[in-house]
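Below: the structure, in structure tokens.
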Amino acid sequence: MDDFKTVRIKKKTLIRFKSFSKKVSNNYSKTLDMVMNFFEWHGFLPSDRFGKSMVEEIIKNRKRTNAIIAIIKDIEKSQTLPTMAMLQSLFEQGQEESDFEDDYDFIEKKFPNGKPEEEWFEETTIPKIRYDRLGDKMEVLKKDFSYVLDNVKLVKSSFGKSYLRLELNEQEIEKFKRVIKNS
């Protein structure tokens with residue numbers, strides 16, 4: 001069993017220590033050991049005042065944490081997601097190639113005379129008015145498409161790939177949607 005020794009402490013300090021000890025531990029020796037371990041572990045002296053310096057350290061740590069979070073988010077955007085997209089496209093391409101090999105199931109036609117049979121295609125006639133309207137619609141679509149292409153701008157990104165930005169407002173986009181839907 002541990003030996004006990006007495007220490008002389010002022011009454012006011014003893015009252016404070018007893019109330020503190022009740023919050024921290026169930027006996028006084030444990031509380032005093034915990035307090036001493038805390039100061040030894042962190043390298044503080046009880047006489048040190050670290051009010052402002054401690055707050056400054058906390059703020060500095062928060063800034064470092066925020067900077068690390070920003071770096072990780074940038075890595076996710078510029079490296080992880082494109083890498084996943086590339087891997088997925090490789091797997092899809094591999095799947096398409098394996099499907100492509102299975103597409104050779106056709107049988108070559110042999111012609112009895114050595115010449116292909118002539119097929120008769122019925123000529124389709126379109127009324128002149130309908131033809132003119134289709135031509136007009138085509139011209140309008142060409143004009144709209146060139147307008148959209150004129151409003152596409154290349155944006156070069158300092159991180160990752162460059163991308164295209166469409167500089168149209170919402171009303172113009174809705175107009176194009178209606179035109180395509182009604183066509």
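Some values worked out for this structure:
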quantity	calculated
P(r), alpha carbons of region 11-77 - 10 Å bins starting at zero, rounded %	17, 27, 26, 17, 10, 3, 0
Unit Cα scatterers, Debye sum, region 128-182: log10 I(q)/I(0) for q = 0.13, 0.14, 0.22 Å⁻¹	-0.48, -0.53, -0.89
Modelled FRET efficiency - R0 22 Å, Ser47 with Ala67, Cβ distances, 0.05 increments	0.05
Residue-wise HN-Hα coupling along region 17-34, computed from phi with Karplus coefficients 6.51, -1.76, 1.60 (Hz; x: Gly, Pro)	5, 4, 5, 5, 5, 5, 6, 9, 8, 8, 9, 6, 5, 4, 4, 5, 4, 5
Listed residue pairs exceeding 20 Å between alpha carbons, taken from Lys77/Lys161; Lys5/Lys30; Lys137/Lys177; Lys142/Lys177; Lys153/Lys181	Lys153/Lys181
Tensor-based shape of region 1-40 (alpha-carbon gyration tensor, a/c under 1.5 rounded, otherwise prolate or oblate)	rounded
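Every number in this text was worked out from the coordinates using simple rules, so none of it is lab data. Bear in mind that the values here come from a model prediction, so they are computed numbers and not experimental data. Reconstructed Cβ throughout: ideal geometry from the backbone, glycine too, with neighbour counts over all protein chains shown.
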